[in-house]
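Take a look at the structure below.
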């Protein structure tokens with residue numbers, strides 16, 4: 001395998017891992033449900049996407065060609081993560097979950 005392919009795969013893995021780490025830290029550190037929901041849905045989606053793209057590049061240069069598994073995983077991830085976050089946010093709004101004072105846009109007031 002050429003050196004530049006290894007560098008590119010490593011770059012995607014590191015960037016994806018960094019996004020996933022930022023999403024996990026956001027889930028742990030942010031104060032209320034609505035802000036906690038934002039961290040994992042945005043950052044972790046990009047993190048897993050970067051890792052899957054790195055996997056796609058690695059296995060396509062192993063001689064097997066482009067795998068449909070990685071493409072389907074990426075498509076499924078980018079379609080379901082925003083929809084599930086929207087459903088969770090709507091359910092939290094219906095339940096009128098408590099928010100911190102800095103959270104703006106409370107439609108139930």
Single match in 13, 30 (criterion: at pLDDT 85 or above and under 14 Å from the mean Cα position of the chain (by Cα)): 13
Can you report the number of residues in the range 84-109 which are in a helix (DSSP H, G or I) and surrounded by 10 or more Cβ atoms within 10 Å (Cβ to Cβ)? 11
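Residue check: is residue 71 surrounded by fewer than 16 Cβ atoms within 10 Å (Cβ to Cβ) and either farther than 28 Å from residue 95 by Cβ or within 16 Å of the chain's Cα centre (by Cα) (or both)? Outline the logic, then answer.
Values: surrounded by fewer than 16 Cβ atoms within 10 Å (Cβ to Cβ): yes; either farther than 28 Å from residue 95 by Cβ or within 16 Å of the chain's Cα centre (by Cα) (or both): yes.
Answer is yes for this residue.
Do we find a residue being assigned to a helix (DSSP H, G or I), under 15 Å from residue 17 (Cβ atoms), touching a residue at least 24 places away in the same chain (Cβ under 8 Å) and in contact with a helix residue (DSSP H, G or I) (Cβ under 9 Å, 6 or more places away or on another chain) anywhere in the range 57-65?
Of the residues in the range 57-65, the ones assigned to a helix (DSSP H, G or I) are 57-64.
Still in the running and under 15 Å from residue 17 (Cβ atoms): 58.
Add one more test, that the residue is touching a residue at least 24 places away in the same chain (Cβ under 8 Å), and what stays is 58.
With the extra rule that they be in contact with a helix residue (DSSP H, G or I) (Cβ under 9 Å, 6 or more places away or on another chain), the set shrinks to 58.
Within the range 57-65, one or more residues are assigned to a helix (DSSP H, G or I), under 15 Å from residue 17 (Cβ atoms), touching a residue at least 24 places away in the same chain (Cβ under 8 Å) and in contact with a helix residue (DSSP H, G or I) (Cβ under 9 Å, 6 or more places away or on another chain).
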Only residues that are in a helix (DSSP H, G or I) and surrounded by 15 or more Cβ atoms within 10 Å (Cβ to Cβ): list them for the range 18-36, please. 19, 20, 22, 23, 24, 26, 27, 33, 34, 35, 36
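The values are calculated or read from the model by the stated rules, or taken from the named source; none is laboratory data. Computed from a predicted structure; not experimentally measured. Backbone-built Cβ (ideal geometry, glycine too); neighbour counts: all protein chains shown.
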